[in-house]
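In what follows, a single structure is set out as structure tokens and then discussed.
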Ligand code: HGY
Ligand code: MN
Ligand code: MN
């Protein structure tokens, strides 16, 4: 039975980890950064050395393929892929696994001369982690990128997407040209680490994703009054940070109470202005993120949080402004793709279970234009978005072999 080369896959994972690698382990490789562009060049070299066609689209998405000269409706391709950008101080598998396992699978199929009716392609989507704009590359490919927003897209530190892409040799204003022709993708399957504890705790080797959470991000800015931190009587202070802190604690409880049990929320970015110890903060700024598998619940939570923000602001005598940043809709995975993954597990004698993804992924964009699905492997200790994110190497090989058989079934 055809199988991937686990040593070759491991060697590529360990090599990619060096681009933006951190001394204590883990990696920081934001999209369009110098380490990212070095990783892109390396990946293109690996794709070509594997005997595949390689190209990059105007949104910076990298592709490798067998038997196709680009995407077209006349020969729809079966597509796999993920991303090679990372969060700051992230792990070496989030995204990288799906891209390198996809490359390994296409190379194995080509070397084995295994017949497949439809072309096969692998993608490395730009800026999946959304440093500048959530799921950017796959949005551009699926035609769901709001081109009017590209000009204003920026990282939380203020760096604009247009400048970051220009530095890497891309014109952000041409991102819309990456849109794939309608009907060009017959199916999409992404291999990814679960990034949570469920598979490991259940002792199940493969997860078959049935739905992917929606993610909403908003800036919430409380504006009070700068004052001397020593001389201003406590009852006269209009402290923007304390209002933000009060809101964060109450919003967290609100999401837990009214989120239907599977909604979550996070405040990963906090700014205080002017931000020195002897001035009462005039401004407290948060990036408020909420996720959940159900769109209506998410919208209801957003409305509740908006009125909470006004209540907190009024009670504390400060102003508040709530600015939506991004929102991805929850996505359902295609039954046909889930069945192909389960068929692959049966062929390999592997147990599997259906579960929803509590992380966002490019697959939720692909679900808008084709039958899309995802394969999960267990994460050690459920750890992810941290330098000690890891999975067993035989779990990685199992996931790649399931991907191989699922892709062949979908391309038959
Ligand atoms: O944030 C996420 O859910 C994904 O890891 N980008
Ligand atoms: Mn991630
Ligand atoms: Mn990811």
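Points worth noting:
- In a residue-by-residue description of region 41-52, the property of being in the same structural domain as residue 394 (by TED's automatic domain parsing), over 18 Å from residue 188 (Cβ atoms), surrounded by fewer than 17 Cβ atoms within 10 Å (Cβ to Cβ) and touching a strand residue (DSSP E or B) at 6+ places or on another chain (Cβ under 6 Å) applies to at least one position.
- Unmet criterion (only one of (1) within 16 Å of ligand 1 (Cβ to nearest atom); (2) surrounded by fewer than 18 Cβ atoms within 10 Å (Cβ to Cβ); (3) over 16 Å from the mean Cα position of the chain (by Cα)) for residue 393: (1)
- Residue satisfying condition, being within 16 Å of ligand 1 (Cβ to nearest atom), over 22 Å from residue 287 (Cβ atoms) and surrounded by 15 or more Cβ atoms within 10 Å (Cβ to Cβ), within set 211, 263, 218, 175: 211
- The number of residues in region 107-128 being closer than 21 Å to residue 33 by Cβ and touching a strand residue (DSSP E or B) at 6+ places or on another chain (Cβ under 8 Å) comes to 4.
- Residues located in region 55-77, provided they are within 19 Å of residue 113 (Cα to Cα) and in a strand (DSSP E or B): 64, 65, 66, 77
- Note on region 277-317: residues that are in a loop (DSSP other than H, G, I, E, B) and buried (at least 22 other Cβ atoms within 10 Å of the Cβ) total 1.
- Unique match (being modelled with pLDDT of 95 or more and either in the same structural domain as residue 87 (by TED's automatic domain parsing) or within 16 Å of ligand 1 (Cβ to nearest atom) (or both)) among 138, 134: 138
- Each residue in region 221-233 was checked for being farther than 19 Å from residue 310 by Cβ and crowded, with 23+ Cβ neighbours inside 10 Å, and 0 pass.
- Restricting attention to region 62-111, the residues that are within 16 Å of ligand 3 (Cβ to nearest atom) and surrounded by fewer than 20 Cβ atoms within 10 Å (Cβ to Cβ) total 2.
- As a summary of the residue check, residue 235 satisfies the conditions (1) touching a strand residue (DSSP E or B) at 6+ places or on another chain (Cβ under 6 Å); (2) part of a helix (DSSP H, G or I); (3) not assigned by TED's automatic domain parsing to the domain that holds residue 401 except for the one numbered (1).
The values are calculated or read from the model by the stated rules, or taken from the named source; none is laboratory data. Please read these numbers as outputs of a predicted model, since none were measured by experiment. Note that we place each Cβ from the backbone using ideal geometry, even for glycine, and neighbour counts take in every protein chain shown.
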